[in-house]
Amino acid sequence: MTPGHDRSGSHGAKDLLTMSDTHAGSLDPALIALIEAGWPDMAARLGERREAFVERVGEQARSQGLLDANSAARYLNLCFAFGPAFETRPENEWALALLVDERLGNWVKLHQLVHTGAEELARRGGEAQLLRVNDARLIDALDRLARVDGDTPPLPRQACDIEALEFRALDLDWRREYRLEGGAWQHLPGPPPPPALRVGGGEPAVDRLCLLSQAASEGPQTLLQVRQALHGRCGLPVPHPQLRWLGGHGLMTAQGHAAQSTSWTVGALPPPAAAPGWGALLLQEPSPELTLLELNCCGLRDHGVPLGSQHLKVWAWPAQQWLLTWQRDRLLEQTWPRQASAPPLPPASQGLRLRLARDGAPRAAPKWAEGLGPGIEAALMAGAEKLFSAWSASAQSPRMSLRAGLFNGHAAMTWGLREGAAGLKSEPLLRFVGDFKLGMTLDLVLSGEIEQAGARTQLALRIALSTELALQLNRDTAEPPLAEVLEPVQQRVRCPVTLEFTPLASETGLLWSEFGPPTGALVGAFGLRQSPQGGGAWQWFLQLALEPVVAPMAVQDPLLGRSGQHVALLGSVALLDWSLG
């Protein structure tokens, strides 16, 4: 039997007699004559009624769903042995049970009808051997009619099926994961290998296998072992069982005894490449390498439902494990108006220790160090310049001071794929462990003089933000989804603006008697989010903006008394929109 070719009819194969939609009523007269010749006594009894007999059997075959000519011919042969519509008689309930079993293809039904029918005839003292011989002669004729060239496989006629299959992932000693033990992140042996996956013997079939491995250029690879227990042997020129594995490597085949137990290495695609300087794409799930595995047999059983040929997809994901940690202790302190001698931002190495590693080996990540060092501070300085410019338009003698510690503290996270709960049957999950204690502080003071309605005051707007992100996370199951697990690693920020004022005397005698409280707040969010650029990666981010600041004021006039109005001190200002990853 040629590789992967199934002529059993159990999977909807084409009509092999005419290669067209032939129904049971249009059998080749030569086939009918062959069948009649095999049952001379029955043909003699029918006499001139033979044509009507064949037509009636054809109608019954169609009613039973035997629409292909091969099945119809074998059914006609059975009717010569048992009589027309023999399956409708009480003593032949076994035949009706086979014909209505939707789990069986037509060729399997006819094979089991002949096999069981011969057993019944033997039990009843009938012509069991004649049924077997006539059916074999008929299959020979069907083979000759269907033969196009020397490569056309013969029709299956002997029990040949897969009893059971076992798939096992081997050679996984190289697997490692990062775990926090004894207060330190260690690269330790990974989880135990997934259990063997069995098909047959009550275990359902599967349409794919899910493995973790590595690209050949990355290190050791997983060994996939396949074992087959057989049900019968067909004895065809190309013996079953047969195994075919097709992918980017080409085609690997094994048949007969060699296919009963074999193994081979399964490689994965290289992990996604990060842009130069980044080292890693944060929490991005890699894509699998796809190959096809065929386990071919005739799919025939004398009794029961065949397991049949198995066609599976083999998905192999990269098993790499990442670790990113940092310890940050940096403060940004600046005043405005800026002095020409103002010190530059400190270098990335000052107050920052960052480590990126994959599978126990360090990875260069200058972009991460730059972003967590001068990068975030430069972005904040740019926003502060805009804020001071807006304040200068509202106040006389404007001044501003800023003191900020952003993402100070420690953060650690490890991620990588791990087998799912169903082992080889289920897609792997992205394991994630995080340990975070990150402080966010920002002290901002805007001061100056404001004149309104002939009155002047010295005032100061203050924002004092202080919050902390402190939590530990461990995702090692497919549920809940990763986005749900990481939801706490994102906090909203809202810090109201406070106001202090000191009235200043004026020649008019007007004095600010009341001022505030103001509207407006510093709002935003920080933490982890999915990258807006897509691709499945995540990034750290910080967004801060100042809402419009408006304050009610009251002026005390020595002659006219008290009057009030609202003073717009600042409009909306985007202070910071920073991301890393």
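No value in this document is a laboratory result; all are computed from the given coordinates. No experiment lies behind these values; they were computed from the predicted model shown. In this analysis, Cβ positions are derived from the backbone assuming ideal geometry, glycine residues included, and neighbour counts consider all displayed protein chains.
Quick one: net charge of Pro270's neighbours, Cβ under 14 Å, K/R +1, D/E -1?
Numbers: positive: Arg358; negative: Glu218, Glu289, Asp359.
Net charge in that neighbourhood comes out at -2.
Please list 431-437, 244-250 highest first by mean number of surrounding beta-carbon atoms within 10 Å per residue. Could you put the intermediate results ahead of the total?
Values: 431-437: 19.0, 244-250: 14.4.
Highest mean packing first, the order is 431-437, 244-250.
Take the Cα coordinates of the chain, assign each an equal point scatterer, and use the Debye formula without solvent to give log10 I(q)/I(0) at q = 0.10 Å⁻¹.
-0.91
First measure r as the distance between the Cβ atoms of His566 and Ser466, then evaluate 1/(1 + (r/R0)^6) with R0 = 25 Å and state the FRET efficiency to the nearest 0.05.
Numbers: r = 29 Å, r/R0 = 1.17.
E between His566 and Ser466, to the nearest 0.05, is 0.30.
Expressed as a rounded percentage, what relative contact order does the range 48-135 have, with Cα pairs under 8 Å and six or more residues apart?
After rounding, I find 25 percent.
Summing -39500 (n - 2.57) over the DSSP H runs of n ≥ 4 in the chain and dividing by its residue number, what mean residue ellipticity at 222 nm do you reach, to the nearest 500 deg cm²/dmol?
-6000 deg cm²/dmol, from helical runs alone.
Counting only C-alpha contacts under 8 Å and six or more residues apart, can you give the relative contact order of the range 322-580 as a whole percent? Intermediate values should be presented prior to the final figure.
Numbers: 590 pairs, mean separation 40.6, N = 259.
Computed value for the range 322-580: 16 percent relative contact order.
Tell me, what does the Kirkwood hydrodynamic radius of the range 312-359 come to in angstroms if you use every pair of distinct C-alpha atoms? If you can, show how the numbers build up before the last one.
On the way: mean 1/r = 0.0657 Å⁻¹.
With all distinct Cα pairs of the range 312-359 included, I get 15.2 Å.
What FRET efficiency comes out for the pair Ala44/Arg89, r = Cβ-Cβ distance, R0 = 22 Å, nearest 0.05?
That pair, Ala44 with Arg89, gives E of 0.45.
Determine ³J(HN,Hα), in whole Hz, for all residues of the range 128-137 in sequence, where each value follows from phi through the Karplus function 6.51 cos²θ - 1.76 cosθ + 1.60 and θ = phi - 60°; x replaces Gly and Pro.
5, 5, 5, 4, 5, 5, 5, 5, 5, 4
What distance in nm lies between label points placed 7 Å from Cα along the C-beta direction at Asp143 and Arg338?
Each label point is offset 7 Å from its Cα along the Cβ direction, giving 9.0 nm.
Suppose R0 equals 56 Å. What FRET efficiency, 1/(1 + (r/R0)^6) with r the Cβ-Cβ distance, do Ala196 and Gln350 give to the nearest 0.05?
FRET efficiency, Ala196 to Gln350: 0.55.
Taking 8 Å as the Cα distance limit and 6 or more residues as the minimum spacing, I'd like the relative contact order of the range 153-261 as a percentage.
33 percent
Just the Cα atoms of the range 60-201, one point each, no solvent: what log10 I(q)/I(0) does Debye give at q = 0.10, 0.12, 0.19 Å⁻¹?
With one equal scatterer per Cα and no solvent, log10 I(q)/I(0) is -0.52, -0.63, -1.14.
Nothing charged except the Cβ atoms of Lys and Arg (+1) and of Asp and Glu (-1): what's the magnitude of the dipole of the range 322-580 about its Cα centre? Round to the nearest 20 debye.
680 debye
So, in nm, how far is label Gln396 from label Glu181 when the simple model puts each one 7 Å beyond its Cα toward the Cβ?
About 7.1 nm separates the two model spin labels.
What full-extension length gain, to one decimal in nm, is calculated for Asp476 and Val238 as 0.36 nm per residue of separation minus the Cα-Cα distance?
Length gained, Asp476 through Val238: 81.1 nm.
From the mean inverse distance of alpha carbon pairs (Kirkwood) and the Cα radius of gyration, derive Rg over Rh for the range 322-580. Provide the component values of the computation, followed by the final result.
Working: Rg = 23.7 Å, Rh = 21.1 Å.
Expressed as Rg/Rh, it is 1.12.
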